[in-house]
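A quick write-up on the structure given underneath.
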Amino acid sequence: MMRKEKLFAGKTLAILSGGGDTPAINSSIEAIRNRASMLGFKVFGILRGWKGLLGEGDVVDLTNIPYNGIYGGTGLLSSRTNPFPGKKNKEDRSEQILRNIERYKIDVLVTIGGDDTNGAAKKMYEIYGIPVIGFPKTIDNDLRTRTMHHYQGKKHEVVLCPGFASGAMQIKKLTAKLHTTNESHQRIMVLEVMGRDAGWLTGTAMFGGAQMALIPEVVITKERKDFFFEKVKEKYMANPKHSLIIAVSEGVRWYNNDKNEIEMVYASSELDEYGHPRFGGVSGIIASEINKKLGIEARGQISGYIPRSGRCYEYDRRLTSTLADKVVDLLLREDYGKMPVMRDIVPYCEVEEFHTDAIEMGNIGNFPLPNIYYNHNEFQFSEQYVDFLTNIIGEPYRMEFNHQFPVVIP
Ligand code: F6P
């Protein structure tokens, strides 16, 4: 006999997205919305992250509206609003959020975000008992997902967040293109990549042929800086084309000779509501120091918002669908305060629900790149990293024009 009524008929699930966007947020919204609708929920979208639950609220109905999950960014818009008191905003606005959750009759809240947005969701769950489900998102790929990477009989903890694969494709392509101009001028190009505290995304430049990399996890002290310059010269000279691309994370900790201290370079020191300044500009500083120290022409290039822009790639499409399947599982069990994650790193065709897990939101936080994924002596990512990323975006790629013109003697 067919059930006449859907399981969650009369209930409402609301979705919000907060923090920096990625190309996989619309895909996440679409996948969660479709599954929740099938279960019988009415589905609301909250605009601009937590901001859409302040004041009178800013809420839209997503229930039977066409949704484009391939288009990057977020149709629900985003903000870095923190409901709880922080360095910038001292006011506790969590009760306003609670009031709106009641006013709009929201039964379950799904928060698509990184450590900040989901950290606030965790508090809403712990303090007020709001039924929340976190959904991972970050271009930096540093939100702890407790995902395991199996390599040569060993298990290593890594991170896999929706958005990373699409961002990685963009950085891979961008780096592969940069070689043509760089080779023409026989330069050193310092390519800056997003990543405030972790080098996961910077490593993706290696898949477009970046020969060296600097990451936030490995501090560039005075001594290490000298060693770095030596290696830069060695690698530049060893390349018959005399051209080198060095990928650097925006949050790299770099020794400043004038101040005799290690610093991070900010584009603006103004803090967001979670206490983060805006990074930017370290590539220009490193390039000019290379120029001065080695006498080799060097340029800085900021990749900026490129990894966050454009369409959602296939791996992320599948990942968001699979994690949304796990949301269904949590809804059916009424198991809240959890976040669906991948348990293992698997290639695209194996991203299936039986590889997923749900972790307590109390256990989330930032997870930097483990030592084993980076070779300190070579300033380059290791074979373990290559295996990890190959699962996600396929083999490294680079076009090449290997010419050897015969020299004309007059
Ligand atoms: O969300 C993380 C992030 O993409 C960082 O990599 C970057 O430093 C920051 O956001 C940029 O934020 P905004 O969009 O506010 O300039």
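One table, with the values for the structure above:
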quantity: Student exercise, the stretch 347-403 dipole from Lys, Arg, Asp, Glu Cβ charges, in Debye to nearest 20; calculated: 280 debye
quantity: Relative contact order of the stretch 301-410, defined on C-alpha pairs under 8 angstrom at six or more residues apart (%); calculated: 21 percent
quantity: Whole-angstrom gap from the stretch 239-312 to the stretch 11-51, using each part's C-alpha centre; calculated: 34 Å
quantity: Table column - 3J(HN,Hα) (Hz), the stretch 301-313, Karplus curve with 6.51, -1.76, 1.60, x for Gly and Pro; calculated: 9, 8, 7, x, 8, 4, x, 7, 9, x, 7, 7, 7
quantity: Accessible surface, per residue, of the stretch 76-162 when the full set of protein chains is kept, probe 1.4 Å, Å²; calculated: 42 Å²
quantity: Bridge type composition, the stretch 206-283 - antiparallel percent by DSSP, nearest 5; calculated: 55 percent
quantity: Placed amide H near ASP344: partners under 5 Å, 5+ positions off or other chain; calculated: MET148
quantity: Unit charges on C-beta of K, R, D, E only; dipole of the chain, Debye; calculated: 520 debye
quantity: Simple Cβ-charge dipole of the stretch 164-214, Lys/Arg +1 and Asp/Glu -1, about Cα centre, in debye nearest 20; calculated: 120 debye
quantity: Hz values of 3J(HN,Hα) by residue in the stretch 88-100 - Karplus curve (6.51, -1.76, 1.60), Gly and Pro given as x; calculated: 8, 10, 7, 7, 8, 10, 5, 6, 4, 4, 4, 4, 5
quantity: Dipole-positive endmost among TYR236, TYR274, VAL248 within the stretch 220-287 (Cβ charges, Cα centre); calculated: TYR236
quantity: Coil-residue chymotrypsin sites (Phe, Trp or Tyr not before Pro) of the stretch 253-331, DSSP, other Cβ within 10 Å capped at 13; calculated: TYR305
quantity: Tilt relative to the chain, helix 25-39 - C-alpha long axis, 0 to 90 degrees, to 10; calculated: 20 degrees
quantity: Normalised contact order of the chain, rounded percent, pairs of Cα under 8 Å and 6 or more residues apart; calculated: 20 percent
quantity: Percent of beta bridges antiparallel (DSSP, the chain, rounded to nearest 5); calculated: 40 percent
quantity: Under 5 Å, built H, 5+ apart or other chain: amide partners of TYR151; calculated: HIS156
quantity: Estimated vicinal HN-Hα couplings, Hz - the stretch 110-124 in sequence order (Karplus 6.51, -1.76, 1.60; Gly, Pro = x); calculated: 10, 10, 8, x, x, 4, 5, 4, 6, x, 5, 4, 4, 5, 4
quantity: Candidate residues MET237, MET169, MET339: accessible-area rank, largest first, probe 1.4 Å; calculated: MET237, MET169, MET339
quantity: Gyration tensor verdict on the stretch 223-326 (Cα atoms; rounded if a/c is under 1.5, prolate if a/b is larger than b/c, oblate otherwise); calculated: oblate
quantity: Candidates MET124, MET212, MET399: whichever shows maximal mean-square fluctuation once the chain is modelled as a Gaussian network with Cα springs under 10 Å; calculated: MET399
quantity: Value of Rg/Rh across the chain [Cα atoms, Kirkwood radius]; calculated: 1.03
quantity: Highest average packing first - 287-293, 69-75, 332-338, 18-24, Cβ atoms within 10 Å; calculated: 18-24, 69-75, 287-293, 332-338
quantity: Residues with amide H under 5 Å from that of ASN256, placed H, sequence gap 5 or more; calculated: GLU261, ILE262, GLU263
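The values are calculated or read from the model by the stated rules, or taken from the named source; none is laboratory data. For clarity, every value in this text was computed on a predicted model and none was experimentally measured. We place every Cβ from the backbone using ideal geometry, glycine too, and count neighbours over all the protein chains shown. Calculation scope for accessible area: heavy atoms of the full protein, side chains included, ligands and nucleic acids excluded. Shrake-Rupley method; radii C 1.70, N 1.55, O 1.52, S 1.80 Å.
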